[in-house]
Amino acid sequence: RILIIGACGQIGTELTLKLREIHGNDQVIASDIREGAQELMESGPFELLNATDEPHIREVIAKYEVKEVYLMAAMLSATGEKAPMKAWNLNMDSLFHILHLGKEGIIDKIFWPSSIAVFGPTTPKNDTPQITAMEPTTVYGISKQTGERWCEYFHRKFGVDVRSIRYPGIISYKTLPGGGTTDYAIEIFHEALKNSEYTSFLAKDAALPMMYMDDAIKATVDIMEAPAEKVKVRSSYNLSAISFTPEILAEEIKKHISDFKIYYDPDFRQSIAESWPSSIDDSAAREDWGWKHEFDLEKMTSTMLEGVEKTLKENAK
Ligand code: VAH
């Protein structure tokens, strides 16, 4: 069976639903420190679980005879800056617990998400290569970079089958993100539909790599299904789809909502955004396990507007 830790988060929710569709509802155990979306809670087993509580993780893994773990719990970049030690402890402890379960042979396969936040101001900004300078400035980025080194170490030394991708900003409407720098690109859709205006906390020219949720889920499923020998990078793979600025996204939204207005009031998250790449070279993922994205800016924008509108109507009922 499969265990998702952090199943109620932005990516965890949709990943759990997808894995239940592929493997069967009772084969995929959702867990989180809080309950989540109704669809997730009702479609299969759920356990309340703190990702740093090692004995409890082991208990749940034994109870359901879990062989595969997706560790999706983490504190993101913006929230991490407000509680650095808490972010560090959550992001690192949870990873060590799972890597040790792999080393002991209790579980066979691990997915652990990294992020473009591993890069920093000294990294080439455009078409950032797979292997390059990495001097992250956020606690979140430091934890992801460190995590990548540990994943690679556990694979090389102990043969742990751990797989990872560096997610860009993920755009979706089912579950809201929690405390990231790329969250503006989701808020903007909600505000556009509710008020026809949005004040961005990033500057108008802050270009960041982004991806629609369905592509992120596809990448996650693909890398986990790939034969082990095809997964050559055991730290984490660069992954890319689209890259845009708040201004470009606003222009695209205006094609659907003609009176939409955008204002800019950058806060501390702007300097985080400035430290990250604008676009990513993901040729290693494309060559090694056949990664290919599907959603461009247009398709993502129309899908988001439809999805958010539906959600707003449902919430109003
Ligand atoms: C954040 N969305 O903004 C996350 C992410 C690409 C960055 O990992 O913190």
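Here are a few things to note about the model shown:
- Any hit, segment 119-134, residues being within 11 Å of the ligand (Cβ to nearest atom) and at pLDDT 95 or above: yes
- Number of residues in segment 276-302 that are part of a helix (DSSP H, G or I) and out of contact with any helix residue (DSSP H, G or I) (no Cβ under 8 Å at 6 or more places or on another chain): the value is 7.
- Evaluation of Lys204 against the conditions (1) outside any loop (DSSP other than H, G, I, E, B); (2) away from the ligand (no atom under 14 Å from the Cβ); (3) surrounded by fewer than 19 Cβ atoms within 10 Å (Cβ to Cβ) shows that the sole unmet condition is (1).
- Restricting Ile217, Ile253 to those that are within 25 Å of Lys310 (Cα to Cα), more than 14 Å from the chain's Cα centre (by Cα) and assigned to a helix (DSSP H, G or I) reduces the list to Ile253.
Here is a yes/no grid of residues against (1) of a type in the set (Gly, Ala, Ser); (2) within 10 Å of the ligand (Cβ to nearest atom); (3) closer than 25 Å to Arg34 by Cα:
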site	(1), (2), (3)
Val160	no, no, no
Gly169	yes, yes, yes
Leu176	no, no, yes
Ile186	no, yes, yes
His190	no, no, yes
Leu193	no, no, no
Met210	no, yes, no
Asp222	no, no, no
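- Residues (under 19 Å from Thr16 (Cα atoms) and not in a helix (DSSP H, G or I)) located in segment 77-107: Ile107
- Contact map, segment 38-53: residues that are small (Gly, Ala, Ser) paired with residues that are assigned to a strand (DSSP E or B), Cβ distance under 6 Å, separation 6+ or inter-chain. Pairs shown: Gly44/Val28; Ala51/Ile5.
- Cβ-Cβ under 6 Å pairs, at least 6 apart or on other chains, segment 100-120 side within 18 Å of Asp53 (Cβ to Cβ), far side within 15 Å of the ligand (Cβ to nearest atom) and polar (S, T, N, Q): Trp112/Ser164
- Of Lys261, Lys299, Lys292, all but one fail to be farther than 30 Å from Ile142 by Cβ, free of Cβ contacts under 8 Å to residues at least 40 places away in the same chain and loosely packed, with under 15 Cβ neighbours inside 10 Å; the exception is Lys292.
- Hey, Ile272 surrounded by 16 or more Cβ atoms within 10 Å (Cβ to Cβ) and in contact with a Pro (Cβ under 8 Å, 6 or more places away or on another chain) or not: no
The values are calculated or read from the model by the stated rules, or taken from the named source; none is laboratory data. All values derive from a computational prediction rather than experimental measurement. Note: ideal-geometry Cβ built from the backbone for every residue, glycine included; neighbour counts use all protein chains shown.
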